[in-house]
Amino acid sequence: MKFIDLRSDTVTMPTDEMRQAIANAEVGDDVYGDDPTVNKLEEIAAEKVGKEAALFVPSGTFGNQLAILTHTKRGQEIIVGKDNHIVLHEVGASALIAGVQLRTLETQNGSMSPEDVLSAIRPDDIHEPETGLICVENAHGCGAVVPLNIMKEIKEIGEKHSIPVHLDGARIFNAAIALRVDIKEIAACCDSVMFCLSKGLGAPSGSMVAGSKEFIQRARKYRKLMGGGMRQIGILAAAGIIALEKMTHRLKEDHKNAKYLAEELSRIPGIKVRKDRLDIDMVFFELDDEVIEEKVLIEKLYEKNIKINGKEAGEYRFVTHLGISREDIDYVIESIKALL
(Lines give C-alpha, C1' and ligand atoms only; values in the text may rest on other atoms or scores of the structure.)
Protein backbone atom coordinates (compact mmCIF):
# COMPACT_ATOMS: atom_id res chain seq x y z
CA MET A 1 0.00 0.00 0.00
CA LYS A 2 1.47 3.31 -1.08
CA PHE A 3 1.10 6.30 1.24
CA ILE A 4 1.51 9.89 0.14
CA ASP A 5 3.58 11.18 3.04
CA LEU A 6 3.56 14.96 3.44
CA ARG A 7 4.82 15.05 7.02
CA SER A 8 8.45 15.90 6.21
CA ASP A 9 11.23 15.46 3.66
CA THR A 10 12.88 13.14 6.19
CA VAL A 11 10.55 10.36 5.00
CA THR A 12 12.35 9.95 1.67
CA MET A 13 13.38 6.38 0.89
CA PRO A 14 16.77 5.22 -0.40
CA THR A 15 16.91 4.81 -4.17
CA ASP A 16 17.73 1.47 -5.78
CA GLU A 17 21.19 2.84 -6.56
CA MET A 18 21.69 3.66 -2.88
CA ARG A 19 20.59 0.20 -1.80
CA GLN A 20 23.06 -1.36 -4.22
CA ALA A 21 25.84 0.92 -2.97
CA ILE A 22 25.01 0.01 0.63
CA ALA A 23 25.24 -3.68 -0.19
CA ASN A 24 28.61 -3.32 -1.90
CA ALA A 25 30.19 -0.64 0.31
CA GLU A 26 33.82 -1.08 1.29
CA VAL A 27 34.01 -0.58 5.05
CA GLY A 28 36.44 -0.38 7.93
CA ASP A 29 36.51 0.88 11.52
CA ASP A 30 35.69 4.58 11.25
CA VAL A 31 36.75 5.31 14.85
CA TYR A 32 40.25 4.32 13.75
CA GLY A 33 39.80 6.30 10.52
CA ASP A 34 39.88 3.07 8.53
CA ASP A 35 36.57 3.26 6.68
CA PRO A 36 37.39 4.32 3.10
CA THR A 37 33.78 5.06 2.19
CA VAL A 38 33.31 7.38 5.15
CA ASN A 39 36.63 9.08 4.37
CA LYS A 40 35.48 9.67 0.79
CA LEU A 41 32.14 11.06 1.95
CA GLU A 42 33.86 13.47 4.34
CA GLU A 43 36.18 14.71 1.58
CA ILE A 44 33.25 15.28 -0.78
CA ALA A 45 31.22 17.05 1.92
CA ALA A 46 34.06 19.39 2.87
CA GLU A 47 34.65 20.31 -0.77
CA LYS A 48 30.92 20.92 -1.37
CA VAL A 49 30.74 23.61 1.33
CA GLY A 50 34.26 24.98 0.88
CA LYS A 51 35.57 23.94 4.31
CA GLU A 52 38.87 22.28 5.22
CA ALA A 53 37.36 19.13 6.73
CA ALA A 54 34.09 17.38 7.51
CA LEU A 55 32.79 14.73 9.89
CA PHE A 56 30.00 12.16 9.44
CA VAL A 57 27.48 12.14 12.33
CA PRO A 58 24.29 10.16 13.00
CA SER A 59 21.76 13.00 12.72
CA GLY A 60 21.19 16.72 12.34
CA THR A 61 20.46 17.22 16.02
CA PHE A 62 23.65 15.32 16.86
CA GLY A 63 25.59 17.54 14.45
CA ASN A 64 24.24 20.81 15.87
CA GLN A 65 24.86 19.74 19.45
CA LEU A 66 28.34 18.47 18.58
CA ALA A 67 29.17 21.86 17.06
CA ILE A 68 27.87 23.69 20.13
CA LEU A 69 29.89 21.43 22.44
CA THR A 70 33.03 21.88 20.33
CA HIS A 71 32.76 25.66 20.06
CA THR A 72 31.79 26.56 23.63
CA LYS A 73 32.76 26.23 27.27
CA ARG A 74 30.35 25.32 30.05
CA GLY A 75 28.48 28.30 31.43
CA GLN A 76 28.66 30.29 28.22
CA GLU A 77 25.66 31.58 26.29
CA ILE A 78 24.75 31.13 22.64
CA ILE A 79 22.72 33.60 20.59
CA VAL A 80 20.05 31.91 18.48
CA GLY A 81 16.68 32.67 16.91
CA LYS A 82 13.79 31.72 19.18
CA ASP A 83 12.14 29.60 16.45
CA ASN A 84 15.31 27.80 15.32
CA HIS A 85 15.48 24.02 15.33
CA ILE A 86 18.13 24.11 18.06
CA VAL A 87 15.60 25.78 20.36
CA LEU A 88 12.33 24.10 19.37
CA HIS A 89 13.19 20.55 18.38
CA GLU A 90 16.43 19.43 20.05
CA VAL A 91 15.07 18.57 23.49
CA GLY A 92 17.05 21.20 25.38
CA ALA A 93 20.20 19.26 24.54
CA SER A 94 22.55 22.24 24.64
CA ALA A 95 21.88 22.68 28.37
CA LEU A 96 22.46 19.00 29.09
CA ILE A 97 25.38 18.26 26.76
CA ALA A 98 27.37 21.49 26.44
CA GLY A 99 26.16 23.15 29.65
CA VAL A 100 25.35 26.43 27.91
CA GLN A 101 22.29 28.62 28.03
CA LEU A 102 20.37 30.05 25.08
CA ARG A 103 19.76 33.72 24.48
CA THR A 104 16.86 33.61 22.03
CA LEU A 105 16.09 36.48 19.69
CA GLU A 106 13.01 37.40 17.68
CA THR A 107 13.17 36.56 13.99
CA GLN A 108 11.41 37.74 10.87
CA ASN A 109 10.63 34.64 8.82
CA GLY A 110 13.67 32.95 10.37
CA SER A 111 16.08 35.88 10.04
CA MET A 112 17.64 37.46 13.12
CA SER A 113 18.37 41.16 12.87
CA PRO A 114 22.14 41.83 12.87
CA GLU A 115 21.45 44.78 15.16
CA ASP A 116 19.70 42.48 17.64
CA VAL A 117 22.60 40.03 17.47
CA LEU A 118 25.07 42.80 18.18
CA SER A 119 23.10 44.11 21.15
CA ALA A 120 22.72 40.58 22.56
CA ILE A 121 26.48 40.04 22.87
CA ARG A 122 27.34 40.16 26.54
CA PRO A 123 29.78 42.75 27.89
CA ASP A 124 32.73 41.76 30.03
CA ASP A 125 30.77 41.81 33.28
CA ILE A 126 31.22 39.61 36.34
CA HIS A 127 27.44 39.22 36.62
CA GLU A 128 26.80 38.06 33.05
CA PRO A 129 27.65 34.91 31.08
CA GLU A 130 30.13 35.09 28.23
CA THR A 131 28.75 34.90 24.70
CA GLY A 132 30.39 31.82 23.22
CA LEU A 133 28.60 31.21 19.93
CA ILE A 134 26.08 32.61 17.43
CA CYS A 135 23.79 30.10 15.70
CA VAL A 136 21.85 30.75 12.49
CA GLU A 137 19.58 28.48 10.42
CA ASN A 138 19.31 28.47 6.62
CA ALA A 139 17.04 27.33 5.05
CA HIS A 140 14.84 27.97 8.05
CA GLY A 141 12.27 25.50 9.32
CA CYS A 142 9.52 28.09 8.79
CA GLY A 143 9.91 27.61 5.03
CA ALA A 144 11.89 30.78 4.33
CA VAL A 145 15.54 31.45 3.54
CA VAL A 146 17.79 33.95 5.29
CA PRO A 147 19.15 36.57 2.85
CA LEU A 148 22.88 36.29 2.26
CA ASN A 149 23.54 39.90 3.27
CA ILE A 150 22.10 39.23 6.74
CA MET A 151 24.29 36.16 7.14
CA LYS A 152 27.36 38.14 6.06
CA GLU A 153 26.61 40.91 8.57
CA ILE A 154 26.20 38.42 11.41
CA LYS A 155 29.47 36.73 10.45
CA GLU A 156 31.25 40.10 10.49
CA ILE A 157 29.82 40.83 13.94
CA GLY A 158 31.06 37.47 15.15
CA GLU A 159 34.54 38.07 13.76
CA LYS A 160 34.74 41.54 15.29
CA HIS A 161 33.94 40.12 18.74
CA SER A 162 35.88 36.82 18.31
CA ILE A 163 32.67 34.79 18.52
CA PRO A 164 32.29 31.83 16.13
CA VAL A 165 29.15 31.38 14.03
CA HIS A 166 27.54 27.98 13.50
CA LEU A 167 25.05 27.32 10.71
CA ASP A 168 22.26 24.81 11.08
CA GLY A 169 22.18 24.10 7.37
CA ALA A 170 20.06 20.97 7.50
CA ARG A 171 18.52 22.10 4.18
CA ILE A 172 21.41 24.22 2.92
CA PHE A 173 21.06 22.81 -0.61
CA ASN A 174 17.45 24.02 -0.68
CA ALA A 175 18.64 27.41 0.56
CA ALA A 176 21.25 27.66 -2.19
CA ILE A 177 18.61 26.95 -4.85
CA ALA A 178 16.19 29.52 -3.41
CA LEU A 179 18.91 32.17 -3.06
CA ARG A 180 20.40 31.28 -6.46
CA VAL A 181 23.92 31.09 -5.08
CA ASP A 182 26.57 28.42 -4.76
CA ILE A 183 26.34 26.49 -1.51
CA LYS A 184 29.88 27.66 -0.68
CA GLU A 185 28.69 31.27 -0.51
CA ILE A 186 26.27 30.37 2.28
CA ALA A 187 28.82 28.24 4.14
CA ALA A 188 31.37 31.05 3.92
CA CYS A 189 29.15 33.00 6.33
CA CYS A 190 29.89 30.62 9.20
CA ASP A 191 32.77 28.91 10.99
CA SER A 192 31.02 25.55 11.09
CA VAL A 193 28.03 24.11 9.27
CA MET A 194 25.81 21.08 9.70
CA PHE A 195 23.80 19.69 6.80
CA CYS A 196 21.62 16.60 6.47
CA LEU A 197 21.84 13.72 4.01
CA SER A 198 18.39 12.37 4.88
CA LYS A 199 16.24 15.50 4.33
CA GLY A 200 14.97 15.27 0.79
CA LEU A 201 18.09 13.50 -0.47
CA GLY A 202 17.06 9.89 0.07
CA ALA A 203 19.91 8.74 2.33
CA PRO A 204 18.60 6.53 5.15
CA SER A 205 20.53 8.36 7.87
CA GLY A 206 23.33 10.76 8.63
CA SER A 207 24.45 14.36 8.57
CA MET A 208 27.72 16.18 8.06
CA VAL A 209 29.54 18.75 10.19
CA ALA A 210 32.17 20.83 8.39
CA GLY A 211 34.69 23.46 9.44
CA SER A 212 38.41 24.00 9.87
CA LYS A 213 40.75 21.03 10.30
CA GLU A 214 41.39 22.03 13.90
CA PHE A 215 37.67 22.29 14.64
CA ILE A 216 36.89 18.91 13.09
CA GLN A 217 39.78 17.28 14.96
CA ARG A 218 38.27 18.43 18.26
CA ALA A 219 34.76 17.55 17.10
CA ARG A 220 35.88 14.01 16.25
CA LYS A 221 36.87 13.44 19.88
CA TYR A 222 33.61 14.93 21.15
CA ARG A 223 31.69 12.76 18.68
CA LYS A 224 33.21 9.76 20.43
CA LEU A 225 32.27 11.23 23.80
CA MET A 226 28.64 11.63 22.65
CA GLY A 227 28.45 8.01 21.51
CA GLY A 228 28.84 8.74 17.83
CA GLY A 229 31.75 6.42 17.10
CA MET A 230 29.88 4.18 14.68
CA ARG A 231 32.55 1.72 13.46
CA GLN A 232 31.81 0.13 10.03
CA ILE A 233 29.54 2.96 8.96
CA GLY A 234 30.53 2.97 5.30
CA ILE A 235 27.26 1.19 4.56
CA LEU A 236 25.46 4.46 5.36
CA ALA A 237 28.17 6.72 3.95
CA ALA A 238 27.78 5.00 0.58
CA ALA A 239 24.22 6.28 0.36
CA GLY A 240 25.38 9.69 1.57
CA ILE A 241 27.83 9.99 -1.32
CA ILE A 242 25.01 9.42 -3.83
CA ALA A 243 22.85 11.90 -1.93
CA LEU A 244 25.48 14.63 -2.30
CA GLU A 245 26.62 13.86 -5.82
CA LYS A 246 23.25 13.16 -7.46
CA MET A 247 20.18 13.81 -5.34
CA THR A 248 20.96 17.47 -4.61
CA HIS A 249 20.46 18.25 -8.32
CA ARG A 250 16.76 17.33 -8.28
CA LEU A 251 15.66 19.54 -5.35
CA LYS A 252 14.36 22.23 -7.74
CA GLU A 253 11.57 19.81 -8.61
CA ASP A 254 10.47 19.72 -4.96
CA HIS A 255 10.41 23.53 -4.84
CA LYS A 256 8.25 23.67 -7.97
CA ASN A 257 5.90 21.06 -6.55
CA ALA A 258 5.63 23.01 -3.30
CA LYS A 259 4.60 26.15 -5.18
CA TYR A 260 2.07 24.15 -7.19
CA LEU A 261 0.68 22.62 -4.01
CA ALA A 262 0.46 26.04 -2.38
CA GLU A 263 -1.38 27.51 -5.36
CA GLU A 264 -3.91 24.67 -5.44
CA LEU A 265 -4.47 24.79 -1.67
CA SER A 266 -5.03 28.55 -1.81
CA ARG A 267 -7.96 27.98 -4.19
CA ILE A 268 -9.83 25.99 -1.53
CA PRO A 269 -12.20 28.13 0.57
CA GLY A 270 -11.17 28.19 4.23
CA ILE A 271 -7.46 27.58 3.61
CA LYS A 272 -5.00 30.44 4.06
CA VAL A 273 -1.55 29.66 2.64
CA ARG A 274 1.50 31.47 4.02
CA LYS A 275 2.95 32.55 0.69
CA ASP A 276 5.56 34.73 2.40
CA ARG A 277 7.32 31.53 3.51
CA LEU A 278 7.34 29.55 0.31
CA ASP A 279 11.03 29.54 -0.53
CA ILE A 280 11.82 25.83 -0.35
CA ASP A 281 9.89 22.54 -0.24
CA MET A 282 7.46 23.47 2.54
CA VAL A 283 3.90 24.78 2.44
CA PHE A 284 2.41 26.26 5.60
CA PHE A 285 -1.29 27.03 5.83
CA GLU A 286 -4.06 27.77 8.28
CA LEU A 287 -7.33 25.83 8.36
CA ASP A 288 -9.68 26.62 11.21
CA ASP A 289 -11.11 23.79 13.30
CA GLU A 290 -14.54 25.28 12.66
CA VAL A 291 -14.11 24.22 9.04
CA ILE A 292 -12.77 20.77 9.92
CA GLU A 293 -11.29 19.56 13.17
CA GLU A 294 -7.58 18.80 13.16
CA LYS A 295 -8.07 15.22 14.36
CA VAL A 296 -10.74 14.57 11.75
CA LEU A 297 -8.58 15.93 8.91
CA ILE A 298 -5.63 13.75 9.93
CA GLU A 299 -7.75 10.61 10.29
CA LYS A 300 -9.79 11.08 7.12
CA LEU A 301 -6.73 11.78 4.99
CA TYR A 302 -5.01 8.74 6.48
CA GLU A 303 -7.98 6.65 5.33
CA LYS A 304 -7.19 7.94 1.83
CA ASN A 305 -3.53 6.87 2.23
CA ILE A 306 -2.29 10.42 2.93
CA LYS A 307 -0.10 11.07 5.97
CA ILE A 308 0.06 14.55 7.50
CA ASN A 309 1.12 16.03 10.83
CA GLY A 310 -1.11 18.03 13.10
CA LYS A 311 -0.83 21.77 13.59
CA GLU A 312 2.15 23.51 15.14
CA ALA A 313 1.59 27.08 16.31
CA GLY A 314 -1.78 27.01 14.57
CA GLU A 315 -0.42 25.97 11.16
CA TYR A 316 -0.34 22.81 9.10
CA ARG A 317 2.84 22.01 7.18
CA PHE A 318 2.98 19.94 3.99
CA VAL A 319 6.44 19.04 2.63
CA THR A 320 7.21 17.94 -0.92
CA HIS A 321 10.10 15.58 -1.68
CA LEU A 322 11.31 12.91 -4.09
CA GLY A 323 8.45 10.63 -3.03
CA ILE A 324 5.78 13.17 -4.02
CA SER A 325 4.72 13.55 -7.66
CA ARG A 326 2.49 16.15 -9.32
CA GLU A 327 -0.18 13.44 -9.60
CA ASP A 328 0.09 12.81 -5.84
CA ILE A 329 -0.51 16.50 -5.20
CA ASP A 330 -3.61 16.50 -7.40
CA TYR A 331 -4.95 13.52 -5.44
CA VAL A 332 -4.30 15.29 -2.12
CA ILE A 333 -6.08 18.43 -3.32
CA GLU A 334 -9.13 16.50 -4.52
CA SER A 335 -9.21 14.55 -1.24
CA ILE A 336 -9.16 17.73 0.84
CA LYS A 337 -11.86 19.30 -1.32
CA ALA A 338 -14.04 16.25 -0.85
CA LEU A 339 -13.57 16.36 2.94
CA LEU A 340 -14.40 20.05 3.20
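The values are calculated or read from the model by the stated rules, or taken from the named source; none is laboratory data. Owing to the predicted nature of the structure, the values given are computational and were not obtained by experimental measurement. Note that we place each Cβ from the backbone using ideal geometry, even for glycine, and neighbour counts take in every protein chain shown.
I'd like the full set of residues that are among the hydrophobic types (A, V, I, L, M, F, W, C) and more than 24 Å from R171 (Cβ to Cβ), limited to the stretch 16-72. Listed by number, the residues that qualify are A23, A25, V27, V31. Scanning the stretch 103-160 for residues that are under 16 Å from the mean Cα position of the chain (by Cα) and more than 26 Å from G92 (Cβ to Cβ) gives a single hit, V145. When V117, V80 are screened for being touching a helix residue (DSSP H, G or I) at 6+ places or on another chain (Cβ under 8 Å) and part of a strand (DSSP E or B), only V80 passes.
Restricting the stretch 164-198 to residues that are β-branched (V, I, T) and not in a strand (DSSP E or B), which is nearest to the chain's Cα centre (by Cα)? The residue in question is I172. In summary, helices (runs of 4 or more DSSP H) completely within the stretch 228-340 and bearing 1 or more residues that are of a type in the set (S, T, N, Q) and either free of Cβ contacts under 8 Å to residues at least 40 places away in the same chain or surrounded by 15 or more Cβ atoms within 10 Å (Cβ to Cβ) (or both) occur at 251-266, 326-339.
When V117, V31, V57 are screened for being among the aliphatic types (A, V, I, L, M), assigned by TED's automatic domain parsing to the domain that holds V209 and closer than 26 Å to M282 by Cα, only V57 passes.
The set of residues from the stretch 7-23 being farther than 22 Å from T61 by Cβ and buried (at least 20 other Cβ atoms within 10 Å of the Cβ) comprises M18, A21. Picking from residues in the stretch 105-141 that are surrounded by 24 or more Cβ atoms within 10 Å (Cβ to Cβ) and touching a residue at least 60 places away in the same chain (Cβ under 8 Å), the one that is nearest to G200 (Cα to Cα) is A139.
Checked against (1) free of Cβ contacts under 8 Å to residues at least 24 places away in the same chain; (2) assigned to a loop (DSSP other than H, G, I, E, B), L201 meets all criteria but (1). The set of residues in the stretch 28-42 being touching a residue at least 12 places away in the same chain (Cβ under 8 Å) and surrounded by fewer than 17 Cβ atoms within 10 Å (Cβ to Cβ) consists of D29, V31, P36, K40.
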